[in-house]
1. Inside segment 198-215, can you point out the residues that are on the phi < 0 side of the Ramachandran plot, more than 11 Å from the ligand (Cβ to nearest atom) and surrounded by 15 or more Cβ atoms within 10 Å (Cβ to Cβ)?
2. Can you pull out every residue in segment 7-30 that is surrounded by 13 or more Cβ atoms within 10 Å (Cβ to Cβ) and more than 17 Å from residue 75 (Cβ to Cβ)?
3. Could you tell me how many of the residues in segment 154-171 are within 12 Å of the ligand (Cβ to nearest atom) and either surrounded by 22 or more Cβ atoms within 10 Å (Cβ to Cβ) or under 22 Å from residue 125 (Cα atoms) (or both)?
4. For segment 180-208, what are the residues that are farther than 19 Å from residue 113 by Cα and out of contact with any strand residue (DSSP E or B) (no Cβ under 6 Å at 6 or more places or on another chain)?
5. Residues 117, 190, 122: which one is without any contact (Cβ under 8 Å) to a residue 24 or more places away in the chain and within 27 Å of residue 86 (Cβ to Cβ)?
6. Specify the residue that is farthest from the chain's Cα centre (by Cα); the eligible residues are those in segment 187-197 that are under 18 Å from residue 218 (Cα atoms) and more than 7 Å from the ligand (Cβ to nearest atom).
7. Which numbered condition in (1) in contact with a strand residue (DSSP E or B) (Cβ under 8 Å, 6 or more places away or on another chain); (2) away from the ligand (no atom under 11 Å from the Cβ); (3) within 24 Å of residue 96 (Cα to Cα); (4) part of a helix (DSSP H, G or I) is the only one that residue 219 fails?
8. Within the bounds of segment 46-68, is there any residue that is over 22 Å from residue 118 (Cα atoms) and within 11 Å of the ligand (Cβ to nearest atom)?
Ligand code: B1M
């Protein structure tokens with residue numbers, strides 16, 4: 001071991017989080033796993049580790065990717081490191097014992113392979129008591145329709161991270177309309193390039209800025225739907 005090697009467990013919390021941002025940037029999966037375990041061991045809530053150490057680290061990666069400082073192979077390593085940290089947090093986030101809320105099918109739309117945000121939304125929804133059926137990435141409309149038919153969810157969730165793929169959400173919603181099933185489901189959309197206006201324009205029930213907002217929106221819309229059914 002060299003003299004200047006950083007011992008993660010010896011760093012105070014703020015420096016450790018900073019170091020995890022650097023390690024995520026450098027795509028160091030083992031270090032991210034270790035840092036995640038250390039923070040949890042120090043009593044951090046899984047959600048705090050997720051947002052402060054991992055999501056914030058990925059935000060920095062995103063900036064340098066945008067500015068041409070990082071390239072796809074490097075960002076892929078960062079994504080893998082992030083996923084390793086998320087894998088540790090997932091069971092902890094799901095362990096809340098929240099009462100069952102409903103079922104959600106979620107997937108990233110056709111042409112788009114970004115899945116970290118979608119996975120995070122799935123984890124948080126599970127933690128809030130939803131059953132989540134994740135149909136993965138690059139989904140044509142048929143995949144959504146098949147999953148809807150098979151699982152009969154309350155909510156259909158779509159993710160898109162590219163300005164070129166987000167219009168595909170309208171294809172899915174329009175096809176649901178053509179088949180006369182649109183109103184049977186709550187449709188939520190999300191992803192970095194979207195906004196509320198876009199959500200309305202494509203005919204979704206709501207645009208969700210992040211995972212926490214998705215949980216709140218899903219609960220609220222399910223409650224409203226139940227009230228309408230009860231009142232009918
Ligand atoms: Co890509 N990529 N990428 N990328 N990538 C972006 C999206 C980009 C903004 C980077 C940039 O230039 N600044 C840019 C898009 C530009 C644009 O469209 N205007 C971009 C590009 C250009 C590309 C490629 C075209 C690059 C290339 O090949 N030249 C290529 C496209 C591949 C494809 O999909 N066909 C590509 C590839 C990749 C990697 C494979 C290297 C990797 C993905 C790995 C993976 O996901 N497994 C990658 C990554 C990691 C990113 C950035 C850096 C990070 C995305 C991420 O994971 N964020 C991203 C930069 C950025 O977004 N600022 C970028 C962390 C995550 C927690 O946040 O995904 O926003 P996010 O999810 C949030 C919310 O958006 C929301 O909640 C989540 C949690 O809070 N949300 C939902 C997301 N989905 C939801 C669904 C819901 C509700 C809420 O349903 C109800």
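1. Step one: of segment 198-215, the residues on the phi < 0 side of the Ramachandran plot are 198-202, 204-215.
Filter again for more than 11 Å from the ligand (Cβ to nearest atom), leaving 198, 200-202.
Residues satisfying the conditions are 198, 202.
2. Those that are surrounded by 13 or more Cβ atoms within 10 Å (Cβ to Cβ) and more than 17 Å from residue 75 (Cβ to Cβ): 8, 11, 13, 16, 17, 18, 19.
3. Within segment 154-171, residues that are within 12 Å of the ligand (Cβ to nearest atom) and either surrounded by 22 or more Cβ atoms within 10 Å (Cβ to Cβ) or under 22 Å from residue 125 (Cα atoms) (or both) number 9.
4. 180, 181, 182, 183, 184, 195, 197, 198, 200, 201, 202, 203
5. Numbers: 117 fails: without any contact (Cβ under 8 Å) to a residue 24 or more places away in the chain; 190 fails: without any contact (Cβ under 8 Å) to a residue 24 or more places away in the chain.
So the residue among 117, 190, 122 that is without any contact (Cβ under 8 Å) to a residue 24 or more places away in the chain and within 27 Å of residue 86 (Cβ to Cβ) is 122.
6. By that ranking, first place goes to 196.
7. Going through (1) in contact with a strand residue (DSSP E or B) (Cβ under 8 Å, 6 or more places away or on another chain); (2) away from the ligand (no atom under 11 Å from the Cβ); (3) within 24 Å of residue 96 (Cα to Cα); (4) part of a helix (DSSP H, G or I) one by one, residue 219 breaks only (1).
8. yes
Readers should treat all values here as calculations from the given coordinates under stated rules, not as data from a laboratory. Since we're looking at a predicted model, the values are computed, not measured. We place every Cβ from the backbone using ideal geometry, glycine too, and count neighbours over all the protein chains shown.
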